[in-house]
Each structure stands twice: as structure tokens, then as C-alpha cells.
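What follows is a set of notes on a single structure, which appears directly below.
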């Protein structure tokens with residue numbers, strides 16, 4: 001369990017603000033889903049992997065006798081897909097974004113059970129353009145946050161699935177292999193020798209080589225003319241996306257292993273890394289909406305992981321700002337306290353941030369200090385902390401005038 | 001941090017099915033405990049050979065948990081209860097040292113032969129909602145998740161899982177001696193999850209830090225390579241199974257009757273009421289007795305499970321205890337189940353008791369005592385989790401920890417718990433174990449409970465009233 005301190009929240013809000021602004025600029029609308037969802041939303045094949053499912057916090061709800069269980073939201077995308085299916089499926093296109101926490105049952109009790117994500121999902125639309133849109137949107141957020149040395153890795157779930165098919169495993173073994181891969185164990189794929197040396201050659205090439213432009217994929221296409229139709233069509237899809245990214249000047253690396261953790265991806269998948277750490281990822285998941293009993297609507301999306309991104313942002317001090325005012329009471333008499341509150345309220349109403357202080361501590365980082373003594377004819381003393389000048393003030397109107405003029 | 005230098009070793013020994021093979025094994029390896037037999041009334045045993053070794057007899061369900069939390073260094077219990085723990089808490093401090101190579105049967109996933117479920121692939125395909133009943137809810141959940149069943153609901157039960165399919169559950173996860181044994185219960189095994197054998201287990205921290213070698217050496221001749229007992233995670237869904245499909249007749253009104261201690265007084269009561277039954281009054285009780293009313297279906301299950309099973313509509317009426325009804329209602333107050341009338345037998349007191357040595361006379365003194373942090377957190381053993389939880393909250397005992405038990409909570413005091421909340425008839429057992437009652441929560445006796453929706457249903461109303469009237473005649 002983790003507390004977020006004021007300096008953490010400054011970074012948190014900065015990420016959130018940049019993310020929201022970018023999403024809005026691209027026409028995305030914000031949604032929020034409940035923390036508790038029904039377990040059955042996440043159990044179907046093609047949603048969460050078994051290892052993720054074994055880490056959901058699940059429990060009985062108020063109608064526990066029915067046996068229906070609820071979970072603490074273990075994933076950001078599936079609830080948003082549910083929201084889309086339940087309420088927005090009449091829309092041809094839906095661009096949605098969210099900032100949310102997700103929960104994972106953490107076996108050791110030492111790591112965090114709650115993590116934050118900024119995510120965006122694109123429902124409907126044709127292929128290609130939305131894929132590129134979400135990649136560019138994610139990249140823009142990261143760039144605007146000022147994170148340097150980022151790497152974008154691209155893969156394609158269709159390519160991986162086609163490769164697995166070529167190994168001609170039994171359905172049970174194929175499912176096991178899929179689970180291993182989704183948990184990051186790509187070595188399993190090289191160990192599973194197929195009967196076809198051509199397939200082994202393909203596996204070795206894709207796991208061993210990391211291309212940096214669409215040319216690499218053209219080379220793959222030319223080197224493996226006997227690859228299956230499924231493989232070729234996924235390759236074509238990835239070629240189209242990478243060509244577009246090349247032309248838009250977006251750099252990336254093709255790494256087939258850049259898929260992690262989710263069963264629902266069907267098309268292009270991507271991950272962003274900074275300082276070697278994953279800070280976001282996403283991809284196309286065309287089967288998820290129909291699998292959840294929605295219509296046959298294609299979709300894609302991504303999420304940025306707030307916790308590692310916070311680590312990458314420089315520490316910020318709470319900015320007292322150029323306009324912050326401190327209102328101090330000279331003594332703690334009821335009259336002075338009351339006057340201080342009146343002064344603060346007037347300043348707030350006029351749009352100035354103003355903070356109260358009755359402790360007599362040394363002030364710092366303020367633009368102005370109003371000392372309330374309550375003694376006529378000039379019950380206030382106004383200090384200009386920048387010009388280092390003090391002056392008496394007779395009325396609130398006078399204070400407002402000086403402060404507003406800067 | 002525990003003191004590992006004292007050399008004092010605690011061993012948890014199983015009650016029930018493994019008593020006699022475990023006793024013979026211990027005798028054979030010269031680690032016998034006097035009084036460890038089927039007939040024992042005591043819980044604490046001392047080793048004749050090692051003065052620093054003590055043992056306690058516990059329910060097997062409790063042993064895996066008690067060893068994992070570190071109350072015992074070593075334990076012997078069945079692989080089913082070990083896996084039930086580990087499948088949910090794989091990082092738990094429970095280490096399997098070795099199989100002891102006795103035990104029988106396996107944990108199976110079964111369906112009723114009449115349900116028409118032929119193989120496992122039917123379960124993961126489609127979007128049917130499957131009800132799974134089990135004494136092993138964690139194993140049942142892991143099975144359902146691994147199979148990628150889209151919709152399932154798990155109903156944990158205290159026992160009698162075999163009685164539920166097909167009307168009250170689609171699947172059950174239960175122990176069976178063999179496929180044939182399961183078939184005699186009208187069930188077909190769909191998958192074997194794991195064989196049941198006794199295991200020597202240890203607490204991880206004890207094993208890493210404490211010298212247990214004297215005891216482990218005694219077992220050395222018995223330690224063997226570990227047979228395959230972890231639950232099989234594979235998606236082996238090829239087993240084709242053909243059940244004989246007969247038509248099963250749904251009944252209009254379903255009544256649940258208790259097994260165990262409550263069976264004899266309930267029989268007396270039903271005879272007085274003039275309800276003619278076959279298969280319940282006899283010494284060997286059938287799970288499905290029949291009545292001379294053709295619209296009445298009867299099943300014999302655990303009284304603990306009845307309130308929830310009536311609430312979810314599997315039964316319209318049931319004879320259970322008021323304690324178990326409250327246990328459900330405290331957790332889920334809007335459950336559609338209500339008490340119709342008390343039956344006047346099976347009366348017990350639900351009490352809070354502590355060791356006679358604890359210097360408190362009532363719950364108020366206990367509150368101050370806990371606040372003085374002598375016993376913070378207060379460890380409370382109870383088989384009534386929700387009743388105990390509410391009682392402790394209402395009395396502002398803070399902090400406390402609940403230790404769920406499966407009966408015989410007195411075995412936990414004073415070493416593994418500070419207080420118990422349990423039922424007593426006379427209080428004699430508590431006195432024998434040097435415990436004293438500090439509060440009586442309430443009195444409970446057997447009662448007839450009904451599903452509220454059934455009571456209001458126009459289809460069922462008349463027959464429900466007929467049956468309740470008939471049962472009312474049994475009141476003395």
C-alpha cells in the first residue's frame with residue numbers, strides 16, 4: 001500500500017494534465033468506470049491471462065448468496081469496453097480516455113497492489129489510421145512530459161499467432177505456449193522445434209532480428225515466401241503501419257517480443273520504454289468487443305503507466321506562484337482572526353490565492369504578505385516580498401488595488 | 001522475530017481419516033504420542049522421546065493454515081488441503097517436505113450423470129453459467145479459471161457436495177475413492193485434479209532458521225520422491241466421457257434436512273409430524289430420501305450450508321439452526337430467507353470463552369485488557385466468522401484477528417487463540433479444557449427456514465403452507 005505525498009501528487013497531476021490535454025486535442029472524451037466490476041467480465045478466453053486472473057481481488061457482494069463475485073478492477077481496457085458496449089455502441093466511432101487505478105493481488109505483500117494508468121481507447125473506424133493515431137497520441141504525451149531517451153517497440157499479435165499455428169501444436173499445448181509467451185517467456189518458442197525447418201528459420205529470424213524501418217519487414221516478406229496466408233496478411237498490416245510511421249518521422253524498433261500480459265490483442269502491439277523500463281503499451285484488440293457480446297466492432301488503445309513515469313519526472317517544489325499571498329494575524333484575538341478570514345475571502349473572490357497564518361513563522365515564497373494588526377487608522381501592513389518594501393493600508397480596497405496592480 | 005534457540009518444536013497432527021495410519025507411522029519411526037488415537041478426547045500431546053516436542057490434534061483444514069502462519073513448525077495433513085491453501089497463496093510460508101505415501105482416492109471435478117455434461121470442452125465453450133459446489137473453493141476456482149469458463153459461481157460448502165448436482169449445482173469438486181466410487185453416487189468424474197496422500201509439511205521460516213533435524217531424521221526412512229500432487233494446470237480437455245443420461249424429475253418444493261448430530265432429533269420431530277420418509281429415519285441415511293408426497297424433493301446436507309442454499313433458491317424450506325441462519329444474515333442482511341418457527345430441539349448457547357487464567361470476567365474487562373495491549377491483537381477462534389466479527393465490532397474490541405475454524409475451537413486455546421466464540425450445550429467441554437465463559441451471545445435451536453420468494457410465489461404458496469402446517473404438528 002502506498003501513500004502519495006504532495007510532491008508525488010504534483011507529478012501525478014502533471015502527467016494527468018498533459019495526458020488529458022493531449023487526449024482532448026485529438027478528440028477523445030473522458031470516462032470513469034467503477035472500481036468494482038463483476039468477475040465474469042474478465043474470465044473469458046481472450047481477456048486476461050490465467051496468471052493475471054489468479055491475481056484478481058475477488059469477493060462476494062451484498063447478494064453473496066447468489067455466488068456472483070465482484071473484483072477490484074484488474075485492468076483498464078476491459079471495463080471501458082464494457083462501458084462502450086452497454087452505453088455507446090450506437091456510435092460509429094468512440095474515442096474515450098480514462099485515468100484509473102488497477103489492482104493486482106500481490107503474493108508477497110511487499111509490492112504495490114494498486115497502480116495507476118492513463119489510457120485511451122478507440123472503438124470503431126477502419127484499420128491503420130486509428131493504430132497510428134494511438135501510437136502518435138501516446139508518443140505526444142510522453143514527449144510533452146519531457147521524458148527523454150524513449151524507445152518505441154512494435155510487434156504484432158497476428159504475426160505471433162500465425163507463428164504459433166505454424167508450429168502445429170495440439171490445442172492444449174498451443175494454449176500453454178501462448179500463456180508462456182504472454183508472461184514474457186519467448187525462449188519457449190525457440191525450444192519448440194517444429195517439424196518444418198522453414199518455420200524454425202522464421203522463428204529464429206523474427207526473435208533474433210530487430211528492424212528499425214518498414215524495409216526490414218519487406219525483407220522478411222521476401223525471405224519467407226512460403227509463410228502462411230495468416231502470417232502474410234499480418235505482415236502486410238504491420239508494413240502499412242510502419243510505412244506510415246516512417247513517413248511521419250516517428251522512430252521505432254520492431255521487436256516481436258514487445259507483447260506482454262494480455263490475451264486480447266489481435267493486431268499491432270507497442271510498448272514505450274524509458275531508461276529501460278516499460279512506461280506504456282497498447283495495441284489493436286478487434287475480438288474483445290464481440291467476445292464481450294458486443295457487436296463486431298474493431299478497437300485499439302493504449303495505457304501509460306503513471307507509477308514508473310512519476311519516477312522519471314524531476315522533483316517539483318510546490319510553486320507558491322507569483323501571486324500567492326500570505327495573510328497573517330498579528331495576535332490571536334477573535335477580532336483579528338475574523339478580519340483575517342474576511343481579507344482572505346475578499347482576495348479569493350478577486351481571484352488571488354491567499355493562505356492564512358497565525359503562527360508567526362517566517363514567511364517565504366510568497367509574493368505578498370498582509371499583516372493584520374486591526375489597529376486604526378491603518379489596520380493592515382502590506383509587504384511586497386519581491387521589492388522588499390512595506391506599506392500601511394487602511395482598507396481592503398487599498399490592498400486589492402495594490403495587489404492587482406502587481 | 002521468533003526465538004529459534006529454545007529448541008521447542010510444535011507438530012500439528014490430523015484428526016479424522018488419517019489418525020490411524022499416522023499413529024502407526026509415528027509408532028514405527030519411534031515418534032509415538034500417547035493418546036493419539038480415534039478415541040482421544042484430548043488435543044495436546046507430548047512426545048515420550050523428545051521432551052521439547054509437543055503435538056496438537058487439529059482438523060486437517062486447519063493444519064495447512066496453522067503451519068503456514070507459523071503456529072506449528074511441522075504438520076501432517078492431506079495433499080488436498082495443502083493444495084487448497086497453496087493454489088490461493090502460492091507464496092505462503094508452507095513447504096511440502098515429502099509425501100508419506102498413505103491416503104486414498106483423489107479430488108475430482110464431477111457432474112451429475114443426469115446433467116448431460118459429457119466433457120470439459122463443453123464447459124469452456126458457450127456462455128452458460130455454471131454453479132460449482134465444493135468443500136475446496138480455491139481448487140474449484142483455480143479449475144474454473146484455468147479452463148477459461150466464462151461464467152461460473154462457486155458455492156463453498158461444509159460438506160455433502162455430492163448431494164448437490166444436478167438440481168442445486170452443475171459441477172462439484174470433491175473427494176472420491178475411485179471413478180467407480182463416484183459413479184455409485186450417480187456422478188461422473190470429468191477430471192481428476194490431484195491424488196490425496198498424507199504429507200509432511202513445514203513452516204518455511206522454521207525450516208530455514210530452526211533446528212528441526214532430530215524430528216526430520218525420524219522421518220528419514222519414510223521420505224520419498226514427491227509424487228505428482230500439484231494440481232494439474234493443463235488444459236487437458238480431450239477426455240471424452242459418456243454418462244448414462246436418464247431423465248431427472250424436478251420437484252415443485254425442495255426441502256433440506258440435516259445430517260450429522262441433528263439427524264436423530266430431526267427424525268424424531270418428523271415422525272411426530274407424521275411425515276412418511278424413506279431413507280432418513282434409518283441408520284444409514286440416504287442423501288435423497290423420498291416422501292409420500294410426489295411434489296416434494298428432499299436432500300440431506302449440512303445444516304451450516306442451508307441458509308445460503310435456501311437464499312439462492314436451491315431449496316424452498318430447510319431444517320437448520322438459528323445460529324447458522326444468523327451467520328448468513330449478519331453477512332448478507334438482505335438474503336431472501338426467513339425463519340418460520342423454532343422446533344424446540346438442538347438448543348445450544350453461543351458463547352465467548354477465554355482461558356481460566358485470563359484475568360477478565362466479562363467482555364468489558366476484556367476490552368480494557370486488550371487495550372492495555374497485553375493481547376493485541378486479540379486472536380479469536382470461531383466457526384461462526386460473521387457472528388464473531390459482529391460481536392467483536394459491536395463490543396469495540398480492537399484490534400482483533402479472526403481465526404476461522406471448522407468446529408472444536410477449544411483446541412486452539414490458549415496457544416493459538418486467546419478467545420473462542422462457539423456453541424456449547426452444557427459447558428462441560430470448556431471446563432475440561434480450562435476455559436471460562438465470559439459472555440452468552442444468544443441461544444439457538446433448530447428451526448424451519450424458508451425462501452421468501454417461494455413463500456410469495458403463487459405456484460408454490462399452497463404446497464409450502466401445506467407442508468409448514470404438517471411440520472407444525474410435530475411441535476410438542
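The values are calculated or read from the model by the stated rules, or taken from the named source; none is laboratory data. In this text, all values refer to a predicted model and were calculated from it rather than measured experimentally. For neighbour counting, all protein chains shown are included, and Cβ atoms are generated from backbone atoms with ideal geometry for every residue, glycine included.
Observations
- Among the residues of the stretch B:205-225, the ones that are touching a helix residue (DSSP H, G or I) at 6+ places or on another chain (Cβ under 8 Å) and modelled with pLDDT of 90 or more come to 1 in all.
- Residue B:114 away from every other protein chain (no Cβ under 14 Å), touching a helix residue (DSSP H, G or I) at 6+ places or on another chain (Cβ under 8 Å) and within 24 Å of residue B:191 (Cα to Cα): no
- Every residue from the stretch B:400-431 that is free of Cβ contacts under 8 Å to residues at least 24 places away in the same chain and outside any strand (DSSP E or B): B:426, B:428, B:429, B:431
- Selection of the stretch A:264-296 for residues being over 26 Å from residue A:116 (Cβ atoms), in contact with a helix residue (DSSP H, G or I) (Cβ under 6 Å, 6 or more places away or on another chain) and without any contact (Cβ under 8 Å) to a residue 60 or more places away in the chain yields only A:296.
- Among the residues making up the stretch B:445-455, a single one is surrounded by 21 or more Cβ atoms within 10 Å (Cβ to Cβ) and closer than 24 Å to residue B:353 by Cβ: B:446.
- Subset tally (residues that are within 8 Å of another protein chain (Cβ to nearest Cβ) and assigned to a loop (DSSP other than H, G, I, E, B)) for the stretch B:120-137: 1
- The helices (runs of 4 or more DSSP H) found entirely in the stretch A:275-392 that carry 2 or more residues being modelled with pLDDT of 90 or more and loosely packed, with under 12 Cβ neighbours inside 10 Å are A:334-349.
- Tally, over the stretch A:29-58, of residues that are within 14 Å of another protein chain (Cβ to nearest Cβ), part of a loop (DSSP other than H, G, I, E, B) and over 13 Å from residue B:152 (Cα atoms): 8
Residues checked against (1) assigned to a loop (DSSP other than H, G, I, E, B); (2) within 21 Å of the chain's Cα centre (by Cα); (3) at pLDDT 95 or above:
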{"site": "A:221", "(1), (2), (3)": "no, no, no"}
{"site": "A:232", "(1), (2), (3)": "no, no, no"}
{"site": "A:241", "(1), (2), (3)": "no, no, yes"}
{"site": "A:260", "(1), (2), (3)": "yes, yes, no"}
{"site": "A:264", "(1), (2), (3)": "yes, yes, no"}
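- For the stretch B:147-160, filtering for residues that are facing another protein chain (nearest Cβ under 8 Å) and in a loop (DSSP other than H, G, I, E, B) leaves 3.
- In a residue-by-residue description of the stretch A:243-254, the property of being at positive phi and touching a strand residue (DSSP E or B) at 6+ places or on another chain (Cβ under 7 Å) applies to no position.
- Test: residue in the stretch B:24-38 that is modelled with pLDDT under 90, surrounded by fewer than 16 Cβ atoms within 10 Å (Cβ to Cβ), within 20 Å of residue B:406 (Cβ to Cβ) and touching a strand residue (DSSP E or B) at 6+ places or on another chain (Cβ under 6 Å): no
- Counted residues, the stretch B:93-111 - those being within 13 Å of chain A (Cβ to nearest Cβ) and surrounded by fewer than 17 Cβ atoms within 10 Å (Cβ to Cβ): 1
- Taking every residue in the stretch B:298-316 that is more than 10 Å from every other protein chain (Cβ to nearest Cβ) and free of Cβ contacts under 8 Å to residues at least 40 places away in the same chain and pairing it with any residue that is in a loop (DSSP other than H, G, I, E, B) and crowded, with 24+ Cβ neighbours inside 10 Å, at least 6 positions away or on another chain, yields no pair with a Cβ-Cβ distance below 8 Å.
- Of the listed requirements (1) in contact with a strand residue (DSSP E or B) (Cβ under 6 Å, 6 or more places away or on another chain); (2) surrounded by fewer than 20 Cβ atoms within 10 Å (Cβ to Cβ), residue A:140 misses just one: (1).
- Residue check, residue B:408 at positive phi and either in the same structural domain as residue B:273 (by TED's automatic domain parsing) or at pLDDT below 90 (or both): yes
- Residues in the stretch B:328-349 that are within 13 Å of chain A (Cβ to nearest Cβ) and surrounded by 24 or more Cβ atoms within 10 Å (Cβ to Cβ): 2 in all.
- Residue match in the stretch A:61-68 (condition: in a loop (DSSP other than H, G, I, E, B), in contact (Cβ under 8 Å) with a residue 24 or more places away in the chain and more than 10 Å from chain B (Cβ to nearest Cβ)): no
- Scope the stretch A:134-158; condition in a helix (DSSP H, G or I) and more than 13 Å from residue A:283 (Cα to Cα); matching residues: A:139, A:140, A:141, A:142, A:143, A:144
- The one condition in (1) crowded, with 19+ Cβ neighbours inside 10 Å; (2) touching a residue at least 24 places away in the same chain (Cβ under 8 Å) that residue B:355 fails to fulfil: (1)
- Some residue of the stretch A:89-101 being in contact (Cβ under 8 Å) with a residue 24 or more places away in the chain, in contact with a helix residue (DSSP H, G or I) (Cβ under 9 Å, 6 or more places away or on another chain) and closer than 30 Å to residue B:314 by Cβ: no
- Restricting A:202, A:169 to residues that are farther than 21 Å from residue A:281 by Cβ, at pLDDT 80 or above, within 14 Å of chain B (Cβ to nearest Cβ) and in contact with a helix residue (DSSP H, G or I) (Cβ under 9 Å, 6 or more places away or on another chain) narrows the list to A:169.
- Taking the conditions (1) surrounded by 16 or more Cβ atoms within 10 Å (Cβ to Cβ); (2) away from every other protein chain (no Cβ under 14 Å) in turn, residue A:179 satisfies each one other than (2).
- Screening B:140, B:163, B:144 for residues that are in contact (Cβ under 8 Å) with a residue 12 or more places away in the chain and more than 12 Å from every other protein chain (Cβ to nearest Cβ) leaves exactly one candidate, B:163.
- Residues of the stretch A:46-60 classified as surrounded by 20 or more Cβ atoms within 10 Å (Cβ to Cβ), within 19 Å of residue A:116 (Cβ to Cβ) and without any contact (Cβ under 8 Å) to a residue 60 or more places away in the chain, total: 1
- Residue check for residue B:177: in contact with a strand residue (DSSP E or B) (Cβ under 9 Å, 6 or more places away or on another chain), touching a residue at least 12 places away in the same chain (Cβ under 8 Å) and in the same structural domain as residue B:91 (by TED's automatic domain parsing): no
- Among all residues of the stretch A:49-68, there is at least one that is over 21 Å from residue A:288 (Cβ atoms) and within 23 Å of the chain's Cα centre (by Cα).
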